Amino acid sequence: MKIIDAHMHLSQIEEFKRTAAEKSFVDYSVTGILQEYAENGVVLGIGMGLTETQPDGFPDAKTVTPMGLDLTEELPPQLVYCLGINPFTLDQAAVARLDEELKKPNAVGLKIYLGYYPFYAYDSVYDPVYALAAKHQVPVVFHTGDTYSERGLLKYSHPLTLDEVAVKHREVNFMMAHFGDPWVLDGAEVVYKNRNMFADLSGLMVGDAANCQRLKDSPLFFSHLRHAITYCDHYEKFLFGTDWPLAPIKPYIQFVLELIPAEYHEDVFYKTALKVFPKIRSLVE
């Protein structure tokens, strides 16, 4: 089975480097991710653009829009990216830069960091982003749920705030990163209700293979997640993602394999990504 990792990182973010060194023990580099992909049948990774202007600065109010993947100067063909949005620098010049960047074949979506920046998904500051997504026929990915920084504000990242955007912009596909965890039952309703809302299953656990095994096999740790996925009852609307470097690729694959019924594995691990990110079709088919 071919696999697409619909959510990973490759940026000069100090917290990612620290997580790789102290928790997940992955080789946080281009070489490291490509080796893990090759060993596990992952044919493409979709990176979430993110930068900080000073170490441990994210969420960074000064970083330039669009944010990209800056851990390497040149991306290999196995990696594409979503352009990160900083609402504090989203002026007309930034919108023009986004418009130009989206013409590149490996710029396959847009990423809004709810919770890290103090704006709701339906705030008018993001209207130009939704207009560009419609123009270029690319999805908008939202960070939702818990923030990987105590400086985040959780009220902005609740998945219910995405419902209004999905209704208002029916011509755009949206991906709810992390399924809104821990508010996954609310996230399930938003995905279930809106034909243009999808969710990735990335970033649900952090750590090395042993810690992933411990969490996966806990009778209670993911009971809320299993409940929400079953309630949603649209397995074909979920996408596999790792949030690498937060966890190694292999145990995360095993986690999602056990989470999703076998008859939907090809959808979750591959086919749905082609639907949500249409620009990647030419790269993997």
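Quick check on Ala262: is it buried (at least 18 other Cβ atoms within 10 Å of the Cβ), at pLDDT 95 or above and not polar (S, T, N, Q)?
No.
Among (1) of a type in the set (A, V, I, L, M); (2) open to solvent by less than 10 Å² (accessible area, probe 1.4 Å); (3) farther than 26 Å from Thr19 by Cβ, where does Met175 come up short?
Among (1) of a type in the set (A, V, I, L, M); (2) open to solvent by less than 10 Å² (accessible area, probe 1.4 Å); (3) farther than 26 Å from Thr19 by Cβ, the lone unmet condition for Met175 is (3).
Tell me, please, whether a residue that is of a type in the set (Phe, Trp, Tyr) and crowded, with 22+ Cβ neighbours inside 10 Å can be found in the stretch 192-201.
yes
Go through the stretch 103-142 and report how many residues are more than 17 Å from Glu171 (Cβ to Cβ), open to solvent by 10 Å² or more (accessible area, probe 1.4 Å) and either touching an Asp or Glu at 6+ places or on another chain (Cβ under 7 Å) or not acidic (Asp, Glu) (or both).
Qualifying residue count for the region: 10.
Could you give every pair whose Cβ atoms fall below 6 Å, whose first residue belongs to the stretch 69-94 and is part of a strand (DSSP E or B) and aromatic (Phe, Trp, Tyr), and whose second residue is open to solvent by less than 10 Å² (accessible area, probe 1.4 Å) and at pLDDT 95 or above, counting only separations of at least 6 or pairs across chains?
Every condition considered, the pairs that remain are Tyr81/Gly47; Tyr81/Gly49.
Each row is one residue, and each column tells you yes or no for (1) over 20 Å from Ala199 (Cβ atoms); (2) in a helix (DSSP H, G or I).
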site	(1), (2)
Thr242	no, no
Tyr252	no, yes
Val256	no, yes
Phe269	no, yes
Leu274	no, yes
Leu283	yes, yes
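Does Asp163 meet the test of being over 21 Å from Ala61 (Cα atoms), open to solvent by 20 Å² or more (accessible area, probe 1.4 Å) and in contact with a Lys or Arg (Cβ under 8 Å, 6 or more places away or on another chain)?
Criteria met by Asp163.
Taking Leu44 as meeting all but one of (1) within 26 Å of Leu154 (Cα to Cα); (2) open to solvent by less than 10 Å² (accessible area, probe 1.4 Å), write down the number of the exception.
Result: Leu44 fails condition (1) only.
Report, by residue number, each residue of the stretch 103-151 that is among the small types (Gly, Ala, Ser) and modelled with pLDDT of 95 or more.
Ala107, Gly109, Gly115, Ala121, Ser124, Ala131, Ala133, Ala134, Gly145
Hey, any hits in the stretch 63-73 for a residue that's open to solvent by less than 10 Å² (accessible area, probe 1.4 Å) and within 24 Å of Phe269 (Cα to Cα)?
Within the stretch 63-73, not a single residue is open to solvent by less than 10 Å² (accessible area, probe 1.4 Å) and within 24 Å of Phe269 (Cα to Cα).
Would you be able to tell me the number of residues in the stretch 6-38 that are farther than 18 Å from Asn211 by Cβ, open to solvent by less than 60 Å² (accessible area, probe 1.4 Å) and in a helix (DSSP H, G or I)?
6
Of Gly68, Gly45, Gly41, which residue is touching a His at 6+ places or on another chain (Cβ under 9 Å) and at pLDDT 95 or above?
Gly45
Output the residues belonging to the stretch 143-160 that are surrounded by fewer than 21 Cβ atoms within 10 Å (Cβ to Cβ) and closer than 17 Å to Lys193 by Cβ.
Matches in the stretch 143-160: His158, Leu160.
Where the second residue is among the aromatic types (Phe, Trp, Tyr) and the first is within 20 Å of Lys103 (Cβ to Cβ) and lies in the stretch 269-283, which pairs have Cβ atoms under 6 Å and are six or more apart or on separate chains?
Val276/Phe198
Would you mind stating whether Lys168 is farther than 30 Å from Pro76 by Cβ and either of a type in the set (D, E, K, R) or crowded, with 21+ Cβ neighbours inside 10 Å (or both)?
yes
Looking only at the stretch 207-223, which residues are in contact with a helix residue (DSSP H, G or I) (Cβ under 6 Å, 6 or more places away or on another chain), in contact (Cβ under 8 Å) with a residue 40 or more places away in the chain, surrounded by fewer than 21 Cβ atoms within 10 Å (Cβ to Cβ) and not charged (D, E, K, R)?
Hits for the stretch 207-223 are Gly207, Ala209.
The values are calculated or read from the model by the stated rules, or taken from the named source; none is laboratory data. Keep in mind the model is a prediction, meaning the values are calculated, not measured. Here Cβ is always computed from backbone atoms with ideal geometry, including for glycine, and neighbour counts include all displayed protein chains. Protein only, heavy atoms only, side chains kept; ligands, DNA and RNA dropped before computing areas. Shrake-Rupley method; radii C 1.70, N 1.55, O 1.52, S 1.80 Å.
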